[in-house]
1. Filter segment B:404-437 for residues that are small (Gly, Ala, Ser) and at pLDDT 90 or above; which is nearest to B:ALA498 (Cα to Cα)?
2. Would you mention how many residues in segment B:445-468 are under 21 Å from B:GLN400 (Cβ atoms) and modelled with pLDDT of 75 or more?
3. Counting only residues that are crowded, with 18+ Cβ neighbours inside 10 Å and within 21 Å of A:PRO187 (Cβ to Cβ), which one in segment A:37-54 is nearest to the chain's Cα centre (by Cα)?
4. What's the number of the only condition in (1) more than 14 Å from chain A (Cβ to nearest Cβ); (2) in contact with a Pro (Cβ under 7 Å, 6 or more places away or on another chain); (3) over 25 Å from B:ARG149 (Cα atoms) that B:GLY629 fails to meet?
5. Among the residues of segment B:257-292, write down those that are within 14 Å of chain A (Cβ to nearest Cβ) and either at pLDDT below 80 or within 23 Å of B:GLU94 (Cβ to Cβ) (or both).
6. Out of all the residues in segment B:118-136, is one or more more than 26 Å from B:LEU650 (Cα to Cα), part of a strand (DSSP E or B) and among the aliphatic types (A, V, I, L, M)?
7. Find the residue count for segment B:563-586, including only residues that are in a strand (DSSP E or B) and surrounded by 15 or more Cβ atoms within 10 Å (Cβ to Cβ).
8. Check B:ALA712 against each of (1) buried (at least 20 other Cβ atoms within 10 Å of the Cβ); (2) assigned to a strand (DSSP E or B) and name the one condition it does not meet.
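The values are calculated or read from the model by the stated rules, or taken from the named source; none is laboratory data. As the structure is a computational prediction, the values presented were derived from the model and not from experiment. Cβ atoms come from the backbone with ideal geometry, glycine included; neighbour counts cover every protein chain shown.
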Amino acid sequence: MGMILTAEHAMRRRRPPIARYLTVALLLGSLTQFASAGLVYAKAWLAPLLIERAFIASQQRHAVVRPWPWADTWPVARLQVPRLSLQRHVLAGDSGEALAFAAGMAPQVRPGDPGLTMISGHRDTHFRFLSKLQVGDTLSLDHEDQRIHYRITDRVVADARDGLIDAVLPARGLLLVTCYPFDALVPGGPGRFVVVAEQIGNEALSLVDRGDAMLR
Amino acid sequence: MEMLPTMKRPGEVWPWPSRRRWLFAALVLIATGLLLGKVDASNAQPAAPGVAPAQELAAVDKSIGEETVGGPRLRLHGSSASIQDALQLESRLELQISGLLASATLLQTFHNPGQEWVEAEYLLPLPHEAAVTQMELRVGERVILGEIRERAEARQVYDAARRAGKRSALLEQQRPHLFTTRVANIPPGEEIAVAVHMVLPVRYEDGEFSLRFPTTVTAPYIPGFPHPPAQSPLAMPTWLPLDGSGWATATQAVPDAPLLTAPQQRSATETPLENPLSLKVELRPGIPLAEVDARYHTLAIDRRDEGFELAFSEGTVEMDRDLVLSWRPQERHRPQAAVFQETFEGERYAMMMLLPPVADAPVPRQRRELVLVLDVSGSMQGAPIRQAKQAVAFALDTLQPEDYFNLVVFNDRHRVLFGQSRLADEAALDEARRFVASLSADRGTEMLPALSAALSLSVIDADLESASPLRQLIFVTDGAVGNEHELMALLERHRGDARLFTVGIGSAPNNYFMHEAARSGRGSAVFIGQASEVSPQMRRLFADIQQPMVTNLNVDWPGSAEAYPAPIPDLYAGQPLIQLARLSGPLREGRIRVTGTFADRHWEQQLALPREGDDAGVAATWARRKLDGLLRELHRGIPTEEVRSRALPLALKFSLASPFTSFVAVEQEPRRPEGASVSGRKVPNTRPQGQAAQRFAFAQGATSAPLNLALALACLGLAVLMLRLQRRDSWV
């Protein structure tokens with residue numbers, strides 16, 4: 001009897017802590033995951049406000065202005081989509097550090113130069129709207145003292161492992177790139193959604209436009 | 001002891017009864033399954049059809065080019081046009097070859113499988129030397145002949161017919177090798193065929209006859225700044241598009257860019273083909289042949305009484321590479337000279353061919369200064385860049401220690417390897433070889449500054465002990481540019497003493513550019529379409545470079561004659577002299593006297609001009625060669641209007657398609673009902689075989705936030721579940 005009681009007591013003492021530890025661990029895990037996600041979204045939400053300020057300042061001063069003192073990137077352009085009435089600021093470089101805060105421009109081809117300027121953004125934050133873009137939509141990109149106009153000519157899915165875009169590519173244009181599929185959970189997959197736009201014109205960005213940018 | 005345990009085996013500490021345990025296990029399984037399912041979807045082939053929304057699925061392209069490593073790709077289109085609505089194109093090429101001229105008919109059927117009336121637009125590549133003499137519209141059994149009209153007028157006739165609902169077709173020339181076919185009012189579910197007739201010259205070089213017919217076009221690079229066409233300083237009014245319909249906008253360098261830039265589709269590797277082509281060739285060489293072959297296709301060869309009948313052995317092939325037919329006469333039957341004649345509108349036209357002498361002794365080798373110009377632009381990606389690099393390596397291997405050399409590499413910028421041409425010692429050659437090996441192809445094709453740099457490279461020191469070396473430029477490219485005019489103009493002005501040789505790379509090089517640049521640079525053109533051709537073609541090129549040329553050529557025709565090409569170009573060994581002449585005067589027969597200089601010696605030969613002949617196509621070919629000469633004046637800066645005023649009457653008289661004249665065919669009675677509208681569709685060309693799409697290095701395009709969120713929710717869910725289970729089980 002004593003044997004059984006001891007065992008019984010042992011079990012009763014041991015049983016709840018395991019379940020409880022597990023529960024607590026799960027809750028903690030949940031919390032850290034929530035925090036990581038929250039951090040990503042918070043960065044994505046907060047950074048553009050600072051970046052916009054820096055962009056306006058850089059437009060006024062014709063100089064590189066860092067959005068916060070320790071930033072290793074700075075805004076170089078502003079992308080606008082009239083049909084969706086939205087704008088996105090674009091940072092220099094498309095490394096992970098830059099893309100955490102805003103869309104980023106690959107350094108190879110400057111906007112307006114011959115070739116294709118590539119701007120990348122995260123599918124779950126800044127470039128989520130890429131799925132809503134349609135062939136024929138117009139885009140504009142303010143870069144330095146120019147506003148460059150583009151028209152979307154194609155939307156394709158590409159594979160980052162071979163780097164090929166199966167579309168007719170314009171001589172001068174813009175590639176907006178984000179990960180694909182849009183609703184996938186795990187980052188790092190090889191799919192890329194690419195919006196191809198050809199340059200249809202450019203104009204000098206007047207002081208009025210810059211002022212306009214300042215007001216916004 | 002209400003808590004007396006159910007009897008358990010010793011050591012078992014699992015807190016729940018078995019029913020709950022199973023329930024829990026099932027829940028965990030389902031949660032993990034859901035999570036993994038998501039993970040799988042995101043890591044799977046991005047183009048797996050199930051992943052994309054069904055309405056976006058326009059075409060799943062399963063073909064994998066030589067270069068691509070990815071799986072099937074998916075094209076997404078915003079419009080609702082589905083694959084069923086795409087126009088289907090079917091082509092048939094019929095060739096009748098006898099002597100040095102071939103007559104060709106390209107019959108293209110545009111089938112409209114959709115529910116609405118459509119207008120088709122198709123960028124049609126044709127041999128750049130062809131005289132396009134007729135276009136006709138075929139509806140069922142009926143044939144409606146096209147008329148040659150002035151370009152703008154033809155456009156008006158066609159537009160009016162399209163608006164009126166009449167079935168009609170328009171054939172416009174954009175470049176010597178590029179045309180646009182438009183077919184209006186194709187009824188739903190029906191088809192319209194367009195037949196284009198032409199005469200094309202057969203090449204005869206190094207004892208081999210050949211004929212090259214393009215089937216697709218390498219998408220050209222359009223340099224320059226976007227520019228409204230009307231304000232363009234280089235605007236050639238009659239060449240301009242009336243509507244911007246291509247994927248490129250007009251630039252100051254290429255005012256007609258929209259007309260040269262058609263959509264492209266991947267080449268299908270299995271049936272059904274994207275753009276199927278069938279072939280029927282009647283070859284009547286008139287001499288015993290040793291060999292009949294096609295460079296990039298396999299042929300079914302049928303021997304007939306008078307010659308051969310050729311077809312593709314597969315029946316139909318994809319239109320993704322040039323068709324190159326070649327036939328070689330038996331050694332002792334090689335023709336040395338020939339004369340063909342035709343009477344057209346009461347006038348006599350003649351075509352003569354004569355093979356100049358061949359060097360009987362090897363000639364002493366001359367020192368050379370070789371400048372290699374290599375195109376590493378995006379259109380060269382894939383097989384082309386590998387072949388181009390092999391060609392350059394071959395050229396470097398031919399250099400002797402006393403030669404000088406340099407290397408210019410370009411895409412949208414250019415780089416000159418050495419500031420000044422260097423002696424071809426081992427160190428310099430090694431450096432060049434390493435540099436070439438490190439190259440990869442991408443970005444644009446700014447050919448003008450690169451060619452300009454190559455032409456103006458500082459010539460090596462003049463105080464050499466011997467005579468200055470022969471300066472030779474070898475230009476390795478696919479010629480995929482839209483600014484041929486600018487480039488030719490540059491060559492006309494700056495070629496100097498240098499000779500320019502072109503090496504055309506790829507399955508569908510710009511044949512016009514290759515031949516015209518080489519002609520302008522007094523060199524020759526060779527073509528490399530696959531790796532196995534690198535060494536024979538390069539060997540041929542260097543044989544040309546080494547051999548002395550036949551120069552100062554002159555042809556005296558009996559009576560007076562207007563002959564083309566004029567002036568007569570110098571000839572390389574193995575090249576025949578070909579002249580086309582319009583003869584006038586009373587003399588019906590006589591002798592053609594040819595003189596020239598070969599290896600510093602005067603050379604003369606005579607040919608009998610027979611009384612008359614009946615060889616179709618001679619007159620049209622004469623007119624076409626005359627037109628070539630007139631259009632070349634544009635490169636020398638003669639105003640377009642002046643050239644046009646002379647070219648237009650010629651093209652109209654001989655019924656030739658030209659930059660200033662188009663063919664238009666219109667059915668008399670309207671077909672399209674009043675209420676129905678007609679919508680425009682572009683028929684894509686097939687991307688040249690072996691050519692890769694441009695490659696990009698993509699950034700990472702997703703954060704971990706959604707995964708974090710999902711994991712957070714999953715953990716939270718499990719925690720809640722555990723709490724509830726524990727409460728019920730243990731602490732109730």
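1. Filtering segment B:404-437 for residues that are small (Gly, Ala, Ser) and at pLDDT 90 or above, the one nearest to B:ALA498 (Cα to Cα) comes out as B:ALA424.
2. 1
3. Filtering first and then ranking leaves A:ALA44.
4. Result: B:GLY629 passes all but (3).
5. B:ALA257, B:PRO258, B:THR261, B:ALA262, B:PRO263, B:GLN264, B:GLN265, B:ARG266, B:SER267, B:ALA268, B:GLU274
6. Checked against the condition, which is being more than 26 Å from B:LEU650 (Cα to Cα), part of a strand (DSSP E or B) and among the aliphatic types (A, V, I, L, M), segment B:118-136 yields at least one hit.
7. 10
8. Every listed condition holds for B:ALA712 apart from (2).
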